[in-house]
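One structure is given here, and the rest of the page talks about it.
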Amino acid sequence: MNIVVTGATGTLGMAIMERLRKEGNSVIGIGRSKTKINQLIQKGFEIINCDITDAQQLSQKIIDCEVIIHCAAFAAPFGSKKKFFQTNVEGTKNVFQVAREKSVSRIVVVSSASIFDGMNHDQPHNDDTPDIRFRPRHHYGASKFDAENFCLTQPKDEWIGLRPRAVFGKGDQTLLPRLKKLIGKNHYKTIGDGNGLIDVTCLSNFVDAVCLAIKSPQESLGKFYNISNGDPRTFNSIMKTYTGKFGSNFKQRKLPYYPILIFAYLSIAVASFIPGKRWEPSITPYGLRQITSSLTLDISEARQALNWSPTKTFEQGMEELE
């Protein structure tokens, strides 16, 4: 098949392109990082420098395509509200517009479990996009929430959505840097007791779901599906497993939650007032919630509708990390 992958220079996009090429598909990547574009070109990939927020440019770049896998997003614990919504909402609208112009048969939309950020997490979340009353406050979660709601207004036969949680694996650029910040010479830090229950997703399990979504039956379309390992772990156990790769002498060091929460709010207040290029705080309230609050997903519908199941375990995924 002829497949276009947006967000090709990100961890998800690169992994998806590698798998699709290995399976014999013709793959074109769309990204913005010139350094990573050059690296991918050296690996033999066809990569186009394109901004998805520019509909005209996107239309010119996408010529012969059967499927678009839309991974491109601005995902960060801190940043400009305008950038979050331009990339995550307007960019998604542009992808749908161009797909319709070019008679693309299917769009696979990658969302995020951060759309549940405004809800209670006392039980696993099902696949339904939350009611507007629970729209997240953080710009990332809110923009992905709005993007999902836009997709839900589009014809069901045009798209299918996947909603992963904490994807990690080889080449990880998201989870791994955050874990490393919490590791000392012979200890790792948790904020609070570290018992928040977190659903994580091995990268290869997510790529499996993407490949199945490309060819999933018609009745599966027009809906978002939760994707995870289906094996939630406490943050403490995640840190313990990761540091175990480097030795058995790492001890847990608990940091008090509320002083760090206050520091996080002060940090983003200061960062928001810095003119010019914004400084990114080392900890934000959003980032703090990701590692201290429980958030689990019900993946039963993805198993049934996509005939998918997570095959790589958490421990196997951790082995791939540096």
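The values are calculated or read from the model by the stated rules, or taken from the named source; none is laboratory data. If you're wondering where the values come from, they're calculated on a predicted model, not measured in any experiment. Here Cβ is always computed from backbone atoms with ideal geometry, including for glycine, and neighbour counts include all displayed protein chains.
Summary of computed values
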read-out: Tally of residues being exposed (fewer than 15 other Cβ atoms within 10 Å of the Cβ), at pLDDT below 95 and not polar (S, T, N, Q) across region 120-135; value: 1
read-out: Selection count, region 35-48, where residues are touching a Ser or Thr at 6+ places or on another chain (Cβ under 9 Å) and not β-branched (Val, Ile, Thr); value: 4
read-out: Index of the failed condition, VAL108 passing every other in (1) hydrophobic (A, V, I, L, M, F, W, C); (2) touching a Leu at 6+ places or on another chain (Cβ under 9 Å); (3) part of a helix (DSSP H, G or I); value: (3)
read-out: Hits in region 50-68 (condition: in contact with a strand residue (DSSP E or B) (Cβ under 7 Å, 6 or more places away or on another chain) and free of Cβ contacts under 8 Å to residues at least 24 places away in the same chain); value: CYS50
read-out: Filtered residue count, region 251-260, keeping only those that are touching a residue at least 40 places away in the same chain (Cβ under 8 Å) and either out of contact with any strand residue (DSSP E or B) (no Cβ under 7 Å at 6 or more places or on another chain) or part of a helix (DSSP H, G or I) (or both); value: 3
read-out: Count - residues of region 23-37 that are assigned to a loop (DSSP other than H, G, I, E, B) and within 17 Å of VAL95 (Cα to Cα); value: 1
read-out: Filter result for the condition that a residue is crowded, with 18+ Cβ neighbours inside 10 Å and either touching a residue at least 40 places away in the same chain (Cβ under 8 Å) or farther than 22 Å from LYS312 by Cα (or both), over LEU152, LEU176, LEU162; value: LEU162
read-out: Given (1) more than 15 Å from CYS202 (Cβ to Cβ); (2) crowded, with 19+ Cβ neighbours inside 10 Å; (3) at pLDDT below 95, index of the condition THR296 fails; value: (3)
read-out: Condition check for SER248: within 23 Å of HIS187 (Cβ to Cβ), without any contact (Cβ under 8 Å) to a residue 60 or more places away in the chain, in a helix (DSSP H, G or I) and of a type in the set (Ser, Thr, Tyr); value: no
read-out: Flag for ASP157 being within 25 Å of VAL67 (Cβ to Cβ), in contact with a strand residue (DSSP E or B) (Cβ under 9 Å, 6 or more places away or on another chain) and loosely packed, with under 15 Cβ neighbours inside 10 Å; value: yes
read-out: Unmet criterion (only one of (1) in contact (Cβ under 8 Å) with a residue 40 or more places away in the chain; (2) out of contact with any Gly (no Cβ under 7 Å at 6 or more places or on another chain); (3) closer than 30 Å to ASP199 by Cα; (4) not in a loop (DSSP other than H, G, I, E, B)) for GLY79; value: (4)
